[in-house]
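Written out below as structure tokens is the structure these notes cover.
Each reported figure results from applying straightforward, stated rules to the coordinates on display, with no laboratory input. Quantities reported herein were computed from a predicted structural model and do not represent experimental measurements. Here the Cβ is made from the backbone with ideal geometry for all residues, glycine too, and neighbour counts use every protein chain on show.
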Amino acid sequence: CGRRRGCLAWVSGEPELRLLLGLLAEVTEPLPALFWLGLKRNASACTHAGQPLRGFSWEDAGGGTVPQEVPAVLGRWVKEPMRSCLSARCAGLHLAADPGGGPSWGWKE
């Protein structure tokens, strides 16, 4: 991203999530699809089942202020991440087709 003068995105609340889901639903075919937005758990961090992002945090995008706390609504996981305190892991935004017509989403390691 940096080489192209871009930055990774992060989602800090429900309004941003709805906007992102709407944009991705317009351009994503076929579903399912996985998008990495910079959600990462460093090797020194542990999985925390009680936190919405499970111990993952947003990569700092070019010196920006990365939100440390996120609302519980962002705690939707397709599958719970691997429990670990020893390895770095990335997670992405997983989109799938919803029988009701809208995008179904969740984080996926």
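For this structure, a couple of remarks:
- Centroid-to-centroid separation of the range 78-92 and the range 23-45 [C-alpha atoms, Å]: 14
- Scalar couplings 3J(HN,Hα) for the range 7-12, obtained by applying the Karplus form with A = 6.51, B = -1.76, C = 1.60 to θ = phi - 60°, are 9, 6, 8, 9, 10, 10 Hz; x denotes Gly and Pro.
- Averaging the sequence gap over all C-alpha pairs within less than 8 Å and six or more residues apart, then dividing by the number of residues, gives the chain a relative contact order of 31 percent.
- With viscosity 0.890 mPa s and temperature 25 °C, the Kirkwood radius over alpha carbon pairs of the chain converts through Stokes-Einstein to a diffusion coefficient of 168 µm²/s.
- Sum of -39500 (n - 2.57) over DSSP H runs of 4+, divided by residues of the chain (222 nm, nearest 500): -4000 deg cm²/dmol
- Table column - 3J(HN,Hα) (Hz), the range 78-85, Karplus curve with 6.51, -1.76, 1.60, x for Gly and Pro: 5, 8, 4, x, 4, 7, 6, 10
- Among 95, 39, 24, the residue with the largest mean-square fluctuation in a Gaussian network model of the chain, with springs joining Cα atoms closer than 10 Å, is 24.
- Residues of the chain were split at every exposed loop site, defined as trypsin sites (Lys or Arg not before Pro) in a DSSP loop with at most 11 other C-beta atoms within 10 angstrom, and the longest piece left, sites excluded, is 6-78.
- Placing a pseudo-label 7 Å from each Cα along the Cα-to-Cβ vector at residue 69 and residue 5 gives an inter-label distance of 3.7 nm.
- Other-chain or far-sequence residues with amide H under 5 Å of residue 106's (modelled H): 94
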